[in-house]
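Report on the structure given below.
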Protein chains: 2
Amino acid sequence: MKKAVCLISGGLDSCVTAHIAKDNNYKIYALTFRYGQRHKKELKCAKEIARILDSKDHIIFDLNLSQFGGSSLVNENIKIEENKLENIGKKIPSTYVPARNTIFLSIALAYAEVVDADAIFIGVTSTDYSGYPDCRPEFIESFQKTANLATKRAIEGKKVEINTPLIFKSKSKIIKKGVELGVPFEKTWSCYRGEQKACGKCDSCKLRLKGFEKAGYKDPLDYK
Amino acid sequence: MKKAVCLISGGLDSCVTAHIAKDNNYKIYALTFRYGQRHKKELKCAKEIARILDSKDHIIFDLNLSQFGGSSLVNENIKIEENKLENIGKKIPSTYVPARNTIFLSIALAYAEVVDADAIFIGVTSTDYSGYPDCRPEFIESFQKTANLATKRAIEGKKVEINTPLIFKSKSKIIKKGVELGVPFEKTWSCYRGEQKACGKCDSCKLRLKGFEKAGYKDPLDYK
């Protein structure tokens, strides 16, 4: 059976992505980062999702990115902005975490090498949320080339394929795909604020709600 | 004044590299990883070197790579091999840590973005120690391209240059350069074993001793 390291944040996109990996007959090795994010609620969701996917293993990797600061997602002194839906993605938001996906993919690559995995699955999307530089297809293609040179496994001719099945999908298409695969959306968490109920106001909530609306489904989460 | 993130491990190569950055008029932001390595003695050396270089800041970044295992450097159950000098570099040694330089450079990139640094200095060498895939020039070149796509800073046209001044230098040339720059070799640590005295037998010790011999200097460290 093929093996895949799946980055599972506890959010909607990574949950759908991991279900796609499972649907493609990969044995899942789940990887979640505890990187100082405000929305720690995601971590609980990630554990539950990894369990549902019958993951072979689930590594929660500690990574204190808040010691650098530089992002509202890891620094409580920077305000999380609330953009109008039509403005989301027009500029890089304060929630951008410097080099986050480069770091996440690098660590996934190490994990993939150790468990001899053929693939990494990451739920980046460039369509609805083009504000993040490290969610763009050109970034992923470049990282793939770097990965092909970086490891012992690659030198031995066994590449690790970086899969981004959602990269060109809109949020509503992602949700439709999730429904098709039986994704438990009630176990996913998107709100940047990580309070008892989702705020419904941050960029992430707005995109999620709009996605459900366009897909024609009701988001099972409770909102304020 | 230009700013550079310098990866300082406490070893000889990274110490010479950081001195080269200093000599090129960079303000130093030191970055050291505590990644589960056996040779923790390096960390003490790194702190001292960062202090000597008058670093603006020194971040010790915790990164538990031992939870993956896969290397004798982070897993005490895997034996550190002792190769003959002429065989070092012929195959990838057990001390190879999966994707280590990809991970280190990614985190350096995040740090560089936050402090608005123009450069990263890393002491990789491909000459004496060609066994590590992520010390090769083609890996560094590829990572540079990925870095140019990865960050907000890069999108704004401000690239972070990855400098590897030692990449084509032999150990003896590195030592000569270090002598020229007044590098305090007595503060550096190379032995993989990290005991009271350097073992003199692991690949790292052998290369260091041979380098000093060829350069015509005496290594100030105590050996068993």
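The values are calculated or read from the model by the stated rules, or taken from the named source; none is laboratory data. Keep in mind that this is a model prediction, so the values were computed, not measured. Because the Cβ atoms are built from the backbone with ideal geometry, glycine has one as well, and the counts that use them run over all protein chains shown.
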(message) Show me the helices (runs of 4 or more DSSP H) entirely contained within the stretch B:104-204 in which 2 or more residues are under 25 Å from B:Ala50 (Cβ atoms) and within 12 Å of chain A (Cβ to nearest Cβ).
(response) B:137-150
(message) On the basis of being at pLDDT below 75, at the interface with chain A (Cβ under 10 Å from one of its Cβ atoms) and over 30 Å from B:Lys2 (Cβ atoms), does B:Ser71 make the cut?
(response) yes
(request) For the stretch A:52-68, name all the residues that are of a type in the set (A, V, I, L, M, F, W, C) and either under 23 Å from A:Gln37 (Cα atoms) or touching a Leu at 6+ places or on another chain (Cβ under 8 Å) (or both). (result) A:Ile59, A:Ile60, A:Phe61, A:Leu63, A:Leu65, A:Phe68
(message) Go through the stretch A:1-49 and report how many residues are among the basic types (Lys, Arg) and under 16 Å from A:Lys177 (Cβ atoms).
(response) 1
(message) Being among the acidic types (Asp, Glu), crowded, with 18+ Cβ neighbours inside 10 Å and either within 14 Å of another protein chain (Cβ to nearest Cβ) or without any contact (Cβ under 8 Å) to a residue 60 or more places away in the chain (or both) is the filter here; which residues of the stretch A:22-60 pass it?
(response) none
(message) Any residue at all in the stretch B:130-142 that's under 15 Å from B:Ala4 (Cβ atoms), among the hydroxyl-bearing types (Ser, Thr, Tyr) and either over 13 Å from the mean Cα position of the chain (by Cα) or at pLDDT below 95 (or both)?
(response) no
(request) Looking only at the stretch B:95-107, decide whether some residue is under 24 Å from B:Glu141 (Cβ atoms), in contact with a Gly (Cβ under 6 Å, 6 or more places away or on another chain) and modelled with pLDDT under 90. (result) yes
(message) Just checking, does the stretch B:129-148 include any residue being more than 16 Å from A:Asn148 (Cα to Cα), of a type outside the set (Asp, Glu) and in contact with a Phe, Trp or Tyr (Cβ under 6 Å, 6 or more places away or on another chain)?
(response) no
(message) Given the criterion touching a Leu at 6+ places or on another chain (Cβ under 7 Å) and within 25 Å of B:Lys22 (Cα to Cα), identify the matching residue among B:Lys218, B:Lys171, B:Lys187.
(response) B:Lys171
(message) Can you tell me which residue is nearest to B:Cys45 (Cα to Cα) among those in the stretch B:157-214 that are aromatic (Phe, Trp, Tyr), within 17 Å of the chain's Cα centre (by Cα) and crowded, with 16+ Cβ neighbours inside 10 Å?
(response) B:Trp189
(message) So B:Ser142 passes all but one of these: (1) within 27 Å of A:Arg136 (Cα to Cα); (2) surrounded by fewer than 18 Cβ atoms within 10 Å (Cβ to Cβ); (3) hydroxyl-bearing (Ser, Thr, Tyr). Which condition number does it fail?
(response) (2)
(message) If I go through the stretch A:166-177 residue by residue, how many of them are modelled with pLDDT of 95 or more and closer than 15 Å to A:Ser190 by Cα?
(response) 3
(request) Among what's in the stretch B:94-103 and is of a type outside the set (A, V, I, L, M, F, W, C) and either closer than 17 Å to B:Asn163 by Cβ or assigned to a helix (DSSP H, G or I) (or both), pick the residue that is nearest to the other protein chains (Cβ to nearest Cβ). (result) B:Thr102
(request) Select from the stretch A:1-21 the residues that are farther than 14 Å from A:Lys187 by Cβ and aliphatic (A, V, I, L, M) and write down the one among them that is surrounded by the fewest Cβ atoms within 10 Å (Cβ to Cβ). (result) A:Met1
